[in-house]
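Every number in this text was worked out from the coordinates using simple rules, so none of it is lab data. For clarity, every value in this text was computed on a predicted model and none was experimentally measured. Positions of Cβ are generated from backbone atoms using ideal geometry, with glycine treated the same way; all protein chains shown enter the neighbour counts.
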Amino acid sequence: MSAVATRTAAVPRRPRLRPGSLALTLLTYVLALLVFFPVLWTVLTAFKKEADAAATPPVFLFKPTLVNFSAVFDADYVRYFENTVILAGGSTVLALVLGLPAAYSLAYHPSRHTPQVLSWVLSTKMLPVVGALIPFIVIYKRVGLYDTRVGMILLYTALNLPLVIWMMRSFFADLPREILEAATVDGAGFLRVLTRIVMPLTTPGLAATALLSVIFSWNEFLLAVNLTAAKSGTLPVFISGFQTSEGLFFAKMSAASTMAIAPVILAGWLAQRSLVRGLTFGAVK
Amino acid sequence: MTRPAAEAARGRLAFLRSERAGGIVLLLPALAYLVLMTQAPFVLTLWYSFHRWILTSPDLSHIWVGLDNYRYTLTEDPIFRTAVVNTLVITASIVIGSLVLGLAFALLLNRTFPLRGIARALMIAPFFVMPTVNAVVQKNLFLNPIFGLVNWVWTSLGFHRIDWLAVHPKFSIIAMATWQWAPFMMLILLAGLQGISDEVREAARIDGAGPVVEFRRITLPLLGPYIELAVLLGMIYILQLFGEIYVATQGGPGTQTTTIPYYIYQTISQANDVGTSSAQGVVAVILVSIVAALLLRVLTRSFRKGLTS
Amino acid sequence: MRVSRFAVGLCGVIVVSLAVLVGVGAAHTKGQPTLTIATVNNPDMIVMQALSSKFTSKYGIKVKYVTLPENTLRQKVTSDVATGGGQFDIATVGTYDVPIWAKNKWLVSLQPMFAKLSPAAAKTYDLNDVIQKVRLGLSYNNALYAVPFYGESSMTYYNKKLFAAAGLKMPLHPTWDQIQKFAAKLNKSSSNQYGICLRALPGWGEFGAPLTTVVNTFGGQWFNTKWEPQLTSPAFEKATNFYVNLIRKYGEPGATSSGFTECETAMAQGKTAMWVDATVAAGQLTDPSKSQVAKDIGFAYAPTEVTPLGSHWLWAWSLGIEASSKNKDAAFKFLTWATSRDYLKLVADKNGWAAVPPGTRVSTYKNANYKKAAGAFANIVLNSMLTADPTHSTLHKAPYVGVQFVGIPEFQNIGTLVTQNLAAAVAGSTSVDSALSLSQQQVTRIMKQAGYLK
């Protein structure tokens, strides 16, 4: 598959003092704000009255109100939030538990079948979910997993497993071979090597993978709306429920979205820390 | 690997203790899980694709029609053909666009500067928002023909006001999705960039290489595996793009932004046609596999060539 | 160090997840049934959800809602019932869905349940008070399958101030030709003022609804008695060309993104002089907290052209009991509670008479309080609903029921397909006639496949 690039370990960073550095930094700030603007707008809209939210031209100065947030909580936000946390967290954990050993095996015990295995794993994601809605519904009803949290966790795990396998295999394979050999020479078993050596060195990759897996589960809509009803609905279903074809809903929907993003951004912020530290790859030895 | 027949028994024992066996044991749970969870729905989809089943007409359900759904989809249905072309165009554009943007962001964020953490968080934020919500915001805020911010900027530059979603639907969808997926690319590429050591860079600079040469000869090749990963994974996800089209253009005007996933959605939710939508799904799998295989070949060839060591 | 912290965090997540899973899984209330209702998020439904506690305290039956946008809800509930049902007791269905679902035996007939009511209960509920045409729209083979929660027709809204400034007067029963002349005079696109707002958002229920009424009133129809599509007939082409050109010349920009909500917003902000759409907007347009032109809104009947038949539509969001429900009696109690006169009074006490669900009972329109609160438009709404006949909405005989739609399961697909093609014409990338001939081909094929045509 992908060539394992030989790279030397990074040494701790020294601050750069290049000309044009200030310009680049300012550019970065501007771009970051531009990129973030629609998200900011969504959050702002959550505090507007519906009439302000639908106003054209867009209203920048307005009197804030919390009425949308109370509508969100009245609509049983907490239950949907709870479901989503369990689904996203549970499926990510399960995908990691299954996927890390698999990634380890594909990276460090490759065989001539490895490319085919990887291709097949990826191919499980090639069927557009929308084309299999009825099959999913029929199967889940038959095995009694329809509208259950367990059922959704199992499903999302299957959706995230290829991501975990592919990404972690890449990060694992990128580690210098010598470290691994040094460890196995000492007679360490797989679990030891994984937890004591490999994972600490790939914490950033792990954090990125876990974050992506959580986000994909958090925002998944089509399967959630079709396989859940009153019991295991998730936040995307909850948010879409604010849409109506007869009435204004923009502000309430923004409030629901803000309440849906906030926890993820918080978690992301925390994951950032290990991303930041680990992404500089720390000392190898 | 061939083993002499006489040593088979001993060989088996040795095999079980060997690395190879360990490797398979580690792999098996994940593979078994995937087989269990994904193959059953796929087989059922395949099964339905050979039948006629209209959800709202119970007398038209579970009728065997063999390959008729495939025949229609591949040879007769003009919309499916348009959908294939649209899917390729739109997906390629988004993947390339978000890759370039993601790479640019990653390069910018790879430096040290004050408030770097905040800048990084702001740049990742779009990816956290549900695609349909993003689309609603962008449709109303940016692309509104009268008061959208895009038109506000556009007309201040002296151009005529444009109804973006009606006149340039593909471009609008591509722009919205690129914005959403750039952080995905950025996350992966940043991980790769941070792994390129300063020593290698210093050596290049001492040799007199400017930033452009450094980028082409060192950064890009070393990023190769990560670009490959990002493009492949991104393509698989972006091919299934749905929310933006659903909210902003409903596949139109006409069929200009009807992609395969959106068309399948219309087939199952509008025409209530399980048979045809299943056949379309299966055809989609075949198409995606072909594209992915081609992509993989192109990528590995170009990056294997560019490696410096 | 990092690993153990990480591992601890991981374990913590697993433990918490399992605990909650187990904890919630164990909680299982026995005793009184819980009703699960699939509903849309329209303002009247939100009020119903808020008032459900009154139902629970009266009957001891709990109610849970699953709220989704209309198209998603229809797709989900259709998929659910077609694969055996079991998720919902009550579904919120429209006049389009009810006859089709009744035919498929997905809804239970309410006729026997009404027959079982005690004479006193029957008198209190008074089924005959429910508008007859609406009941007709919710019936199949002469049996009622759903009760209407709120009903609507369509009418013309106009901005009295803009009209007065231009020296124009809107007649009570305008024709489309008159509307076009008004639009031409009132259209000032350079100052972002538009003559008229009309839906062109693709969708059988969005663009398709007003378009069909225009086709009807121009003397056209979707299918002749032999089920042959009539999209290229002179009347259909004339009507569609009229509609599309009206928008292109004097209508709002971004029309292909404009559904009910967008046009209502434009009207409420004084950006458009006229709007022909659902009667439910009347209450919102005259509410000063929601509309900037609340005092300037004038009302007229929906425009006609060659015939008044089918010029204004009939729609009712209704509650029906799913055939797979295990709580049919409890569901029937809820149905009759939510559509009773007492319920209307409940809403009136809470939010005022103008907020009462419209278009279901004749008695509402005879109520003095309601007339006072909604006087200006109440008469038009009632008369429109009394004269919108789903069985006689075209100039020439048609084989289908439905005013602004065709009551066959294939119409969901046909209507959306055709309006998508026409949206391209509205956007200017194709001509109306070529969009119509393309649509004619596609619809013919669909009708052949579905067995209507040989």
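Tell me the angle of helix C:2-26 to the major Cα principal axis of chain C, expressed in degrees between 0 and 90 and rounded to the nearest ten. The answer is roughly 90 degrees. Residues A:L96, C:L127, A:L34 in ascending order of nearby Cβ atoms (within 10 Å, fewest first): A:L34, C:L127, A:L96. Please figure out what share of the DSSP beta bridges in the protein assembly as shown is antiparallel and state it in percent, rounded to the nearest 5. Bridges in the protein assembly as shown that DSSP calls antiparallel: roughly 70 percent.
Volume per residue for region C:68-143 equals 115 cubic angstrom (convex hull of Cα atoms).
Bridging of C:K345 to aspartates and glutamates at a Cα separation below 18 Å is possible for C:D44, C:D126, C:D129, once same-chain residues fewer than 8 apart are set aside. Report the local net charge at C:I446: Lys and Arg +1, Asp and Glu -1, summed over other residues whose C-beta lies under 11 Å from its C-beta. So the surrounding residues net to 0.
When each full DSSP H helix of chain B is screened for a Cα extent of at least 20 Å along its own axis and an average Kyte-Doolittle hydropathy of at least 1.6, the helices passing are B:78-109, B:220-238. The angle between the Cα long axis of helix C:234-250 and the main principal axis of chain C comes to about 90°, on a 0 to 90 degree scale.
Taken about its Cα centre, region A:32-181 carries a charge dipole of roughly 300 debye when the Cβ of each Lys and Arg holds +1 and the Cβ of each Asp and Glu holds -1. For chain C, find the longest principal axis of its Cα atoms and tell me its angle to the long axis of helix C:432-450, 0 to 90°, nearest 10. With rounding to tens, the tilt is 40 degrees. Summarising the label geometry, the points placed 7 Å from Cα in the beta-carbon direction at C:S363 and A:V43 lie 5.2 nm from one another. Volume per residue of the convex hull around the Cα atoms, evaluated for region C:44-197, comes out as 206 Å³. Between B:L295, B:L115, B:L220, the Gaussian network model of chain B with springs among Cα atoms under 10 angstrom shows the greatest mean-square fluctuation at B:L115. Taking a straight line from the alpha carbon of C:K249, these lysines sit under 20 Å away, with near neighbours fewer than eight places off in the same chain left out: C:K181, C:K185, C:K188, C:K238, C:K271. Treating the Cα atoms of region B:83-150 as identical point scatterers in vacuum, please give the log10 of the normalised Debye intensity I(q)/I(0) at q = 0.12, 0.18 Å⁻¹, two decimals. Ignoring solvent entirely, the Cα scatterers give -0.50, -0.97. The spacing between region C:390-454 and region A:125-183, judged by their C-alpha centroids, is 42 Å.
For an R0 of 30 angstrom, estimate the FRET efficiency from the Cβ-Cβ distance between A:L66 and C:D349 and round to the nearest 0.05. According to the calculation, E is roughly 0.70.
Which residue, C:A122, C:Q269, C:M385, has the largest displacement toward the positive end of the dipole of chain C when charges sit on each Cβ (Lys, Arg +1; Asp, Glu -1)? In chain C, that residue is C:A122. Dipole of the protein assembly as shown (Lys/Arg Cβ +1, Asp/Glu Cβ -1, origin at the Cα centre): which of B:S172, C:V214, B:P58 lies farthest to the positive side? Selected residue: B:S172. Evaluated with a Cβ-only charge set (Lys, Arg +1; Asp, Glu -1), the protein assembly as shown carries a dipole of roughly 1580 debye about its Cα centre, given to the nearest 20.
Look at where the Cα atoms of region C:303-360 and of region C:32-86 average out, and the two centres are 14 Å apart.
Remark: mean inter-chain Cβ contacts per residue of A:257-265 equal 3, using a 10 Å Cβ-Cβ cutoff to other protein chain atoms. Computed over region B:143-228, relative contact order equals 22 percent, with contacts defined as Cα pairs under 8 Å that lie 6+ residues apart.
When you restrict to C-alpha pairs under 8 Å that are six or more residues apart and normalise by the size of chain C, the relative contact order lands at 24 percent.
Of the chymotrypsin sites (Phe, Trp or Tyr not before Pro) found in region B:56-164, the ones in coil according to DSSP and having at most 13 other Cβ atoms within 10 Å of their Cβ are B:F159.
In plain terms, the residue of C:M447, C:M385 with the fewest other Cβ atoms within 10 Å comes first and the most crowded comes last, giving C:M447, C:M385.
Note: the protein assembly as shown, Cα convex hull, 183 Å³ per residue.
The modelled label-to-label distance between B:F215 and C:S431, using points 7 Å beyond Cα along the C-beta direction, is 5.0 nm. Cut-off is 10 Å between beta-carbons; in what order do B:R161, A:R169, B:R297 appear when sorted fewest neighbours first? Listed from fewest to most nearby Cβ atoms, that is B:R297, B:R161, A:R169. Each Cα pair under 8 Å and six or more residues apart adds its separation to the average, and for chain B the resulting relative contact order is 27 percent.
The modelled label-to-label distance between A:S119 and B:I286, using points 7 Å beyond Cα along the C-beta direction, is 1.7 nm. Dipole size of chain B about its Cα centre, with +1 on Lys/Arg Cβ and -1 on Asp/Glu Cβ: approximately 820 debye, rounded to the nearest 20. Computed from the Kirkwood radius of its Cα pairs, the Stokes-Einstein diffusion coefficient for region B:67-308 at 25 °C and 0.890 mPa s stands at 122 µm²/s. Considering only B:F159, B:A182, B:A203, the residue lying farthest towards the positive end of the dipole of region B:67-308 is B:A203, judged by Cα position with unit charges set on Cβ. Here the Kirkwood formula puts the hydrodynamic radius of chain C at 23.6 Å, using every distinct Cα pair.
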